[in-house]
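Enquirer: Here it is: the structure, laid out below.
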Amino acid sequence: MHENALTLLDAAGFQLETRDDRALSIRCHSAPVDVLLVRAADVPEYVQDGAVDCGITGADLVGERSADVIELLRLGFGYCTLEAAVLEDDPALALEDLQGRRVATVFPHLTKTLLGKLGIAVELCEVTGSVEIAPRLGLCDAIVDLVSSGGTLRTNGLRSLGELFESEAVLIASRDSRARVAGLEAALGSVVQARNTRYLMFNAPRRSIPSIREVLPTDGSPSVVPLLRSDSVAIHALVPAASIWELLPQLQSLGASSILLSSVEMLLP
Ligand code: AMP
């Protein structure tokens, strides 16, 4: 979270001073911004109480603290899901099977609220860490915890019953500070959007334009530029990075050539 957040700020033009590992705050050369390094779990309160104007932390921690803050942006890193899990040999097969059972978690508020919305009432055992070990010790029947690769669940002989919440890093502000951080929000947002986008350029026979238009997953209209050879055009378009793998062979089969793909640094709608 820490490294990813600093890299994002840097990409958005906030040039941070060289930092030493013990520093708790970093000044910025290019903007009147100070970056304070605090524990991710404390960020919602810092923002809510007005100690800072905005913060970067996990959506899970914002939900758990139920802080009075506004989520401005999802930042595209720190992905994980909050999942309920039981021991492999437990009879439970779905979240509903947790009704009335004992659940250990470091996320009591989210667990109670999210299971409650599904009509599932459980007995909560609040722990501060190493929750995966609790079922084997007989402290509880199930756990609710963050899962990224699923490796920790498997290592501890646990089986997921399902997802309760999808989390990633978010930019948050308070109602009072929102206007003050509008510039920062726009700059970070433009980098996040750009990371998901590629600039695609290629040449194609003029007659292929209608079929190419159909396969291009662009929101706007692609640019079509005439070439000196009158039967060909150059086509430029912004496309989702995730679509590239299936798009390029389709374009080739429609006669596209000299295909160039480049990254985008910032993208403002
Ligand atoms: P994994 O084994 O990759 O599924 O990771 C699970 C372990 O890492 C659990 O102990 C989680 O509490 C922790 N974890 C995974 N992703 C995150 C995240 N984005 N933020 C905080 N903790 C996480």
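Bear in mind these aren't lab numbers, they're just calculated from the coordinates by the rules spelled out. What you see is a predicted model, and the numbers here were worked out from it, not measured in a lab. Note: ideal-geometry Cβ built from the backbone for every residue, glycine included; neighbour counts use all protein chains shown.
Enquirer: Counting other Cβ atoms within 10 Å, which trypsin sites (Lys or Arg not before Pro) in region 201-233 have at most 11 and lie in a DSSP loop?
Expert: Filter output for region 201-233: Arg229.
Enquirer: Report the label-to-label distance for Leu139 and Leu118 in nanometres (one decimal), using points 7 Å from each Cα along the Cα→Cβ vector.
Expert: Each label point lies 7 Å from its Cα, and together they span 2.2 nm.
Enquirer: Would you work out which of Leu8, Ile209, Leu153 lies farthest towards the positive end of the dipole of the chain, given +1 charges on the beta-carbon of Lys and Arg and -1 on that of Asp and Glu, about the Cα centre?
Expert: The residue sitting most towards the positive pole is Ile209.
Enquirer: If I require 18 Å or longer along the helix axis, counting alpha carbons, and a Kyte-Doolittle average no lower than 0.5, what helices from the chain are left? Use full DSSP H segments.
Expert: 182-195
Enquirer: Additional query: Within 15 Å, Cβ to Cβ, of Ala11, how many net charges do the neighbouring residues add up to if Lys/Arg are +1 and Asp/Glu are -1?
Expert: So the environment of Ala11 carries a net charge of -3.
Enquirer: If I build a Gaussian network model for the chain, linking alpha-carbon pairs within less than 10 angstrom, which residue out of Leu61, Leu247, Leu124 has the largest mean-square fluctuation?
Expert: Leu247
Enquirer: Could you give the dipole magnitude of region 127-269 about its Cα centre, charging the beta-carbon of Lys and Arg +1 and that of Asp and Glu -1, in debye to the nearest 20?
Expert: Result for region 127-269 is approximately 420 debye, rounded to the nearest 20.
Enquirer: Right, another one. Using mean Cβ contacts within 10 Å as the protection proxy, how do 256-269, 140-153, 33-46 order, highest first?
Expert: 140-153, 33-46, 256-269
Enquirer: Starting from the 7 Å offset along Cα-to-Cβ, what nm value, one decimal, do you get for the label separation of Ser257 and Trp245?
Expert: Those two pseudo-labels are separated by 2.9 nm.
Enquirer: Under a Cβ-Cβ cut-off of 15 Å, what is the net charge of the residues other than Leu118 that fall near it, where Lys and Arg count +1 and Asp and Glu count -1? Please list the in-between numbers first.
Expert: Values: positive: Arg101, Lys112, Lys117; negative: Glu83, Glu96, Asp97, Glu163.
My count for the surroundings of Leu118 gives -1.
Enquirer: For region 187-264, give the magnitude of the charge dipole about the Cα centre (Cβ charges: +1 Lys/Arg, -1 Asp/Glu; no others), in debye to the nearest 20.
Expert: 140 debye
Enquirer: May I ask you to derive the FRET efficiency for Ser66 and Ala186 from their Cβ-Cβ distance with R0 = 30 Å, giving the value to the nearest 0.05?
Expert: Efficiency for this residue pair is about 0.65.
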